[in-house]
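Here the structure is laid out as structure tokens; the discussion comes afterwards.
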Amino acid sequence: MSPPDTPQDQMALAAMVAPLRRYARALCGDRWAADDLVQDTLERACTRWRLWTAGTDLRAWLFTAMHNLFIDGARRARRQATEPLDLEALEHASPVSPQATEQALDLQRCLLRLPEDQRETLLLVTLQDLSYARVARITGVPIGTVMSRLSRARARLRELMDGEGKAADAAPRPALRRMK
């Protein structure tokens, strides 16, 4: 194990905790799981610190590590067939105003209904304000795929938030005409 040994490296790593936590909470949809993911990411960063090249983008390196840990955890959870988070129970237990809670839970429900790759891309671009190139590096896909996933995620999220998600799932969509 070779943790960051210079004060600059330690400060840079400490400065990344808040963005990592914010992204992990949005990605996981569960505060405790998100905190565990951040902890695992920081632990991995410290144990593999020698692999980070000074002068390169620490943020992208950490987000890539978090991405890989999240994907590994999701695969493990699928294999173990764990029970999904009960958002209805959380809605009734919240001390926040009912309207604010309802909007937040609606957004959270809609985000969780997006396919994992689309949700991840949407959160990296919008919540973390990363460029398409950085997101492509973190997720390991071409920039065109990032743009496509982002477009589909935004469109689907709009549908779900407007309440059209149920109707869109049930009824076939009309064919789009191409205009030049």
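Between Ser151 and Ala15, the simple spin-label model (points 7 angstrom out along Cα→Cβ) gives 3.5 nm.
By a 1.4 Å probe calculation restricted to protein chains, Met147 has an accessible surface near 90 Å², given to the nearest 10.
The values are calculated or read from the model by the stated rules, or taken from the named source; none is laboratory data. Nothing here was measured: the structure is a model prediction, and the numbers come from that model. So basically every Cβ, Gly included, is an ideal-geometry build from the backbone, and we count neighbours across all protein chains shown. SASA here: full protein model, heavy atoms, side chains in, ligands and nucleic acids out. Shrake-Rupley method; radii C 1.70, N 1.55, O 1.52, S 1.80 Å.
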